[in-house]
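Below: the structure, in structure tokens.
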Amino acid sequence: MADKLPVTVLTGYLGAGKTTLLNRILTEPHGMKFAVIVNEFGEIGIDNELVVGADEEVFEMNNGCICCTVRGDLIRIIEGLMKRKGKFDAIIVETTGLADPAPVAQTFFVDQDVAAKTRLDAVVTVADAKWLIDRLKDAPEAKNQIAFADVILLNKTDLVTPDELAEVEGRIRAINPYAKLHKTQRAEVDIAQVLGRNAFDLDRILEIEPHFLESDESDHAHDHHGHSHDHGDHAHGHHDHGPGHHDHAAGDHIEKDAHGRTVHRHGGVKHYHDEEMQSVAVRHPGDVDPEKFMPWINELTQAEGPNILRSKGILAFKGEDRRFVFQGVHMILDGDLQREWRPEETRESKLVFIGRHLDEARLREGFLACAA
Amino acid sequence: MQTLDSLTAKVVPIEAGAHVIGAAFLGDVPALALGDGGVLIRAGAQAPPRRVEAHPEGSILVAASDGGRLVTGGDDGHVVRVGPDGSTETIADEKGRWIDALVARPDGALAWSAGKAARARDAKGRVATFDAPSSVRGLGFAPKGYRLVVAHYNGASLWFPSTEAKPDLLEWKGSHLDATWAPSGRFVVTTMQENGLHGWTLPGREHMRMSGYPAKTRSVSWSHDGLWLATSGADALIVWPFQGERGPMGKAPRECGVRRAKVTRVAFHPGALIVAAGYEDGCILLCRLTDASELLVRPEEPEAGAVTALAWDAAGLRMLFGTAEGAAGLLTLPVG
């Protein structure tokens, strides 16, 4: 397990600053060697010894699951790279601006040979502070990339006013309140915030509260705790504001934006509702019955898989001392019993979904019916 | 479990030093293609093997033998032909694009692929190109005539490189990886992303599905009489019967060499119904199809990695093997 090569997927719309971030990662004095898989061969200005051109061939798996797509070229390239194992420590996959991150991510769960030798570390999305709002309107890919991200670099912040920045941040959080967000200029970010995230590692899904009140500073403070394997002693007081971003404290401002959409102001960040892509968080303050929950989540992800981009959950199963943790990409679910509930922790069960046209009432109702 | 009769004392180890991509006998000379771009040639039993830098700037991804020479395809985009004397000849340069598939045959014809382009080069050096609908993953020569099966996404194409005719598409949904043409000429078979094989009868184009594997099949080998196809991808050697018109349809495959490790490479003996099976834990067995008896060639040795290459010499007296972690060896069968 330990010697699986970590893979970071770098997405972002054209011109957002992906290549700048990539070169920053490659040239930092970290002593690591990377194999970089780029979307076009011969792309200029990538400062790395091992650069592989990919064709972005998205294949459906012939298993009756329509959203179960993989990147055929990536399977082939990783197979080839493994023949020169030892010459690099990590893999970075840069996708085109128009790419859907899901097939890339799914490749690391669906293909046995790839999964045996590599692990997906995180999906990192670079967004252009000036143009993202426009792209969210006209480019479904841009929305997918934000929704899918574990880490978002809101880049080129020097090109916008503080108000515009708050606006774009609000738009991002309307779609994905769970990603780590870093505001950057020229993709300047501590590389530790981008690499080694273990975002798909069940042992590292510690809490699934939205981040919209966090500044970069609190991100850092949190991450330093996150690197240790003993997480019992720090409280996330700043996270504590209800089960999801649709529930707002009574004191929030409510206003309408230019398109008539509801805007909440909350801690300085505007809150929007995105008509198409949302996150839904549901919580039950107690145990759920695994005999009810497992069939429900399986059926839900089978039926709604195309619309559910990402899902995560931490659950208290009746009669089980350990926390059940799962994460999913479309229809592919990965779950396991993790550490024991600590005495000071309240046994509760939480799920989050990020996806398209999610029926929040139905999700909530279905989940609450699993209560033990 | 019965004690295996052992041939381990008949194996001479070879230090390959890098992932072994392919093994072949160039005439009598054992040769190994390596992941670090080199080719090892063992010209004499006494002298250390000679190393040829076939791809000095790159890594070898695929290798094939035409019986007398080893052909290698690299991530430097080069197709290189290496002779038993260590001479090298660059056959093609795909401008840095990876060479993903490669086949060669004794008359000197060869074929390779880079991305969607499949190229065939006849014995006279004339090169033809077929642009497949998606990246080419596997190539196989027909037993007679100058014709190739080309595996790609959603099927395989049958291509006559010397004509302008549009290749014949055999459709089957999914991603097809390796391709092989039966020695009888009556079947083409591909290995698939979805842990199984798919085949078509010729010219009837009836589908043949060979499934039930716990892992992908990435190595196949036909028996000398062309009536059996040995396959990797299970915790045993799976050998499909191809005697009748409909191939293995409605018949169960033979299983032998059942172990708690997956078979990664297979190679039929050139003159007998004996199959060499290499496993993911480095073990190698010889299995006789007629009575399922087994002989141990190499005990398991997980740190040496999976067996990645197996080849018999033309006489069937010696067998060469290599592993993912750079171990290799030469088995000489006892005579008499």
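The helices (runs of 4 or more DSSP H) located wholly in the stretch A:75-191 that include 3 or more residues which are within 14 Å of chain B (Cβ to nearest Cβ) occupy A:101-110, A:112-117. Restricting attention to the stretch A:65-74, the residues that are more than 9 Å from chain B (Cβ to nearest Cβ) and either modelled with pLDDT of 85 or more or in a strand (DSSP E or B) (or both) total 3. Note on the stretch A:339-354: residues that are at pLDDT below 90 and closer than 30 Å to A:Cys68 by Cβ amount to 0. Taken over the stretch A:318-330, the residue count meeting the criterion of being free of Cβ contacts under 8 Å to residues at least 40 places away in the same chain and touching a helix residue (DSSP H, G or I) at 6+ places or on another chain (Cβ under 8 Å) is 3. Has the stretch A:23-36 got at least one residue that is part of a loop (DSSP other than H, G, I, E, B), facing chain B (nearest Cβ under 10 Å) and in contact (Cβ under 8 Å) with a residue 40 or more places away in the chain? Scanning the stretch A:23-36 turns up no residue that is part of a loop (DSSP other than H, G, I, E, B), facing chain B (nearest Cβ under 10 Å) and in contact (Cβ under 8 Å) with a residue 40 or more places away in the chain.
Among the residues of the stretch B:181-218, the one identified as in contact with a strand residue (DSSP E or B) (Cβ under 6 Å, 6 or more places away or on another chain) and in contact (Cβ under 8 Å) with a residue 60 or more places away in the chain is B:Phe187. The condition of being over 29 Å from A:Ala115 (Cβ atoms) and either part of a loop (DSSP other than H, G, I, E, B) or not hydroxyl-bearing (Ser, Thr, Tyr) (or both) holds for only one of B:Gly226, B:Gly199, that being B:Gly226. Cβ-Cβ contacts under 6 Å between residues 6 or more apart (or on different chains), taken from a first residue in the stretch A:275-290 that is of a type in the set (Val, Ile, Thr) and crowded, with 21+ Cβ neighbours inside 10 Å to a second residue that is at pLDDT 90 or above and assigned to a strand (DSSP E or B), are listed as A:Val280/A:Phe353; A:Val288/A:Leu315; A:Val288/A:Ser349; A:Val288/A:Ala371. Taking B:Gly196, is it more than 14 Å from chain A (Cβ to nearest Cβ), more than 15 Å from the chain's Cα centre (by Cα) and among the small types (Gly, Ala, Ser)? When the stated conditions are applied, B:Gly196 does not pass them.
Let's see how each residue does on (1) over 30 Å from A:Thr69 (Cα atoms); (2) aliphatic (A, V, I, L, M); (3) in contact with a helix residue (DSSP H, G or I) (Cβ under 6 Å, 6 or more places away or on another chain); (4) without any contact (Cβ under 8 Å) to a residue 12 or more places away in the chain:
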{"site": "B:Ala64", "(1), (2), (3), (4)": "yes, yes, no, no"}
{"site": "B:Gly73", "(1), (2), (3), (4)": "no, no, no, no"}
{"site": "B:Val80", "(1), (2), (3), (4)": "yes, yes, no, no"}
{"site": "B:Ala104", "(1), (2), (3), (4)": "yes, yes, no, no"}
{"site": "B:Lys124", "(1), (2), (3), (4)": "yes, no, no, yes"}
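Determine if the stretch A:81-103 includes at least one residue that is closer than 26 Å to B:Gly174 by Cα, surrounded by fewer than 22 Cβ atoms within 10 Å (Cβ to Cβ) and without any contact (Cβ under 8 Å) to a residue 24 or more places away in the chain. Yes, the stretch A:81-103 contains a residue that is closer than 26 Å to B:Gly174 by Cα, surrounded by fewer than 22 Cβ atoms within 10 Å (Cβ to Cβ) and without any contact (Cβ under 8 Å) to a residue 24 or more places away in the chain.
Looking for something within 14 Å of another protein chain (Cβ to nearest Cβ) and either within 30 Å of B:Ala292 (Cα to Cα) or surrounded by fewer than 17 Cβ atoms within 10 Å (Cβ to Cβ) (or both) - is there at least one such residue anywhere in the stretch B:31-42? Looking for residues that are within 14 Å of another protein chain (Cβ to nearest Cβ) and either within 30 Å of B:Ala292 (Cα to Cα) or surrounded by fewer than 17 Cβ atoms within 10 Å (Cβ to Cβ) (or both), one finds at least one in the stretch B:31-42, hence yes. Put simply, of B:Leu320, B:Leu295, B:Leu310, B:Leu330 the only residue that is in a strand (DSSP E or B) and touching an Asp or Glu at 6+ places or on another chain (Cβ under 7 Å) is B:Leu295. In a loop (DSSP other than H, G, I, E, B), buried (at least 16 other Cβ atoms within 10 Å of the Cβ) and not hydroxyl-bearing (Ser, Thr, Tyr): is that true of A:Leu351 in this structure? So A:Leu351 fails the test. Could you tell me whether the stretch A:55-64 includes any residue that is more than 14 Å from chain B (Cβ to nearest Cβ) and surrounded by 17 or more Cβ atoms within 10 Å (Cβ to Cβ)? No, the conditions are met nowhere in the stretch A:55-64. B:Pro183 passes every criterion in (1) surrounded by 23 or more Cβ atoms within 10 Å (Cβ to Cβ); (2) within 18 Å of the chain's Cα centre (by Cα); (3) of a type outside the set (S, T, N, Q); (4) farther than 21 Å from B:Asp281 by Cβ apart from (1). Among the residues of the stretch B:145-174, those identified as within 19 Å of the chain's Cα centre (by Cα) and surrounded by 21 or more Cβ atoms within 10 Å (Cβ to Cβ) are B:Leu148, B:Val149, B:Val150, B:Ala151, B:His152, B:Ala156.
For the criterion of being under 25 Å from the mean Cα position of the chain (by Cα), farther than 24 Å from A:Glu60 by Cα, outside any helix (DSSP H, G or I) and of a type in the set (Gly, Ala, Ser), A:Ala361 fails.
One line per residue, one yes/no per condition, for (1) under 26 Å from B:Val103 (Cβ atoms); (2) within 14 Å of chain A (Cβ to nearest Cβ):
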position: B:Glu206; (1), (2): yes, no
position: B:Pro214; (1), (2): no, yes
position: B:Trp222; (1), (2): yes, no
position: B:Trp228; (1), (2): yes, no
position: B:Trp240; (1), (2): yes, no
position: B:Ala272; (1), (2): yes, no
position: B:Tyr279; (1), (2): yes, no
position: B:Leu295; (1), (2): no, no
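The values are calculated or read from the model by the stated rules, or taken from the named source; none is laboratory data. All values derive from a computational prediction rather than experimental measurement. Please note: Cβ atoms are built from the backbone with ideal geometry, for glycine as well, and neighbour counts cover all protein chains shown.
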